[in-house]
1. So is GLU179 farther than 19 Å from GLU83 by Cβ, modelled with pLDDT of 85 or more and acidic (Asp, Glu) or not?
2. Being outside any helix (DSSP H, G or I) and within 30 Å of MET110 (Cβ to Cβ): is that true of GLN185 here?
3. Determine if segment 113-122 includes at least one residue that is in a strand (DSSP E or B) and under 60 Å from the mean Cα position of the chain (by Cα).
4. Might you let me know whether segment 296-311 holds any residue that is outside any helix (DSSP H, G or I), more than 30 Å from MET382 (Cβ to Cβ) and either modelled with pLDDT of 70 or more or touching a strand residue (DSSP E or B) at 6+ places or on another chain (Cβ under 8 Å) (or both)?
5. How many residues, within segment 59-99, are exposed (fewer than 15 other Cβ atoms within 10 Å of the Cβ) and of a type outside the set (Val, Ile, Thr)?
6. Among the candidates ALA99, ALA127, single out the residue that is under 12 Å from GLU81 (Cβ atoms) and not in a strand (DSSP E or B).
7. Checking the conditions here, which among ASN150, ASN146 is more than 15 Å from HIS82 (Cβ to Cβ) and at pLDDT below 85?
8. Tell me yes or no: at least one residue of segment 401-417 is at pLDDT 85 or above, surrounded by fewer than 17 Cβ atoms within 10 Å (Cβ to Cβ), aliphatic (A, V, I, L, M) and more than 29 Å from THR315 (Cβ to Cβ).
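The values are calculated or read from the model by the stated rules, or taken from the named source; none is laboratory data. These numbers come from a predicted model, not from an experiment. We place every Cβ from the backbone using ideal geometry, glycine too, and count neighbours over all the protein chains shown.
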Amino acid sequence: MLIDPQVLRDTKEQAASSSSIFSRFRRKRNNRALLNKIMIWMFGPLFLLWTIGLVITYFIAQNIANAPYDRTLADHLRLLEHEVAQQTILEGIQLTPSAITILQGDTSHMIYWEIRDANGNSIGGNASIPLADTWTYDEGKLRFRNETLNNRSVRIAYMWGGRDQSGMPFLTIVAQSNEMRATLQQEILTGMLTPQLIVLPLAALLAGLGLTQGLEPLSLLQERIRARRANDMSPISAELAPAEIVPLIAAMNSLLVRLAATSETQRRFVANAAHQLKTPLAGMRTQAELALRERSPEKMNESLEQLVRGSDRATRLVNQLLALARAESADRPNQHFTDDLDLNQLAEMQTLRWVDVALGKNIDLGFERSTGPMKISADSLMLAEMLNNLLENALLYTPNGGWVTVRVGGDPLSAYLEVEDSGPGIAPDDRDRIFDRFYRVLGSNTDGSGLGLSIVKEIADQHNASVTFMPPGNRAGIPGGTCLRITFSRIKNATQHHT
């Protein structure tokens, strides 16, 4: 089945357009997520409480509407009881005209009454008034209940304990339609809920406007950050920001500082690499061109050997540049190292790696360990790199027949790592600049990039260690030239050990 390329392109364009629309919709939705979340958590509980308030208001209105009518119904019941008490119920019940007038009430809301004996038999009045099957003989106890009479809801009041002239007890019952109560209840609910129905939406609208205005500084901050250039690492001003987001801006400024340091480290690394690799690469190219032009095998081999040495120097320079970049990484200062290592083991292991180089130059390479373990919290890989640079420098500048000693020592509060050699030494005037990158002492005839001691200083700073020049000693009749000591703090380790 063949597919038209135009149709395929249209399909891809539609898919890309749909994806773009979806991305814009998702960004817009995420941008409003904070406001929506605040709205939900603010108005959700508010409307829930409002609903609960409506239910409570309904029952309160019902009680308020029932109270006056129940009092009137109770008065009618006592009036009826008083009228019957003046008669003999077995001879028939005759109410006075005034009582009839009061009990009849409004023609549309008449009061129904009934008198019953102890057995519940009707003696007089409206015999159709329903009565509870389980009514009790609590004398003088007024009770109310809702029932249906002639398909109309009525409120019934009844009380046991009345006695006629002959002493015969009777049950007094009166009933009244609930229509007037319902009307009053509706009026009360309307009066109570109307202000709420008007005020609540207005309050929600004003609260929404207030939240929108309150979050406006966030939109302004977003616009300011979006308008910044990609290389602008200057701190973000918090002058117009609300107090609640000042900590956020401070955290962003801290991140910008770290990013600026990282960017500066990368820029410096690229500049250093370009500057330092330019010479060895140019020399390698020159040697390669000479080798191509030479016809003599001896001179061609000599050029190739120079090419190999130049490649070794370039490789060593690149490795040192990478080590320096790792050492001065902006994420490393003031960090807490978790490696609990013994300087004796580290120094002995790294010293053994340089034995062959020392033997090749007829240099006596020695190691002196401390009497006890010297444990510190440090990065083992970084300390190994630092010690290797110290040993490489010492072996590079120490003449044949000389000596190099690696020494570990310390006390309960500090530990030191020391490298001493019998080389030419470093003049006091050069000691302040010897740790600058690419700085080399004038007059030295050895190959080097001037990065070794810079790496040592960076790694020492990462571990809050100090680098000091110690007075050189004497070994086998050969005076020492340079003695560098790196001192580490052991306060944390000593505290942990004591604990």
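1. On the way: farther than 19 Å from GLU83 by Cβ: yes; modelled with pLDDT of 85 or more: no; acidic (Asp, Glu): yes.
So GLU179 does not fit the description; no.
2. Details: outside any helix (DSSP H, G or I): no; within 30 Å of MET110 (Cβ to Cβ): yes.
Here the answer is no, as GLN185 does not meet what is asked.
3. no
4. Going residue by residue through segment 296-311, those that are outside any helix (DSSP H, G or I) are 296.
In the following step, the residues that additionally are more than 30 Å from MET382 (Cβ to Cβ) were identified as 296.
In the following step, the residues that additionally are either modelled with pLDDT of 70 or more or touching a strand residue (DSSP E or B) at 6+ places or on another chain (Cβ under 8 Å) (or both) were identified as 296.
Within segment 296-311, one or more residues are outside any helix (DSSP H, G or I), more than 30 Å from MET382 (Cβ to Cβ) and either modelled with pLDDT of 70 or more or touching a strand residue (DSSP E or B) at 6+ places or on another chain (Cβ under 8 Å) (or both).
5. The number of residues fulfilling the criteria is 15.
6. Values: ALA127 fails: under 12 Å from GLU81 (Cβ atoms).
Being under 12 Å from GLU81 (Cβ atoms) and not in a strand (DSSP E or B) holds for just one of ALA99, ALA127, which is ALA99.
7. Numbers: ASN146 fails: at pLDDT below 85.
Criteria check complete, one pass: ASN150.
8. Step one: of segment 401-417, the residues at pLDDT 85 or above are 401-417.
Of the ones still in play, those that are also surrounded by fewer than 17 Cβ atoms within 10 Å (Cβ to Cβ) are 401, 411-413.
Those left that are additionally aliphatic (A, V, I, L, M): 413.
Those left that are additionally more than 29 Å from THR315 (Cβ to Cβ): 413.
Yes, segment 401-417 contains a residue that is at pLDDT 85 or above, surrounded by fewer than 17 Cβ atoms within 10 Å (Cβ to Cβ), aliphatic (A, V, I, L, M) and more than 29 Å from THR315 (Cβ to Cβ).
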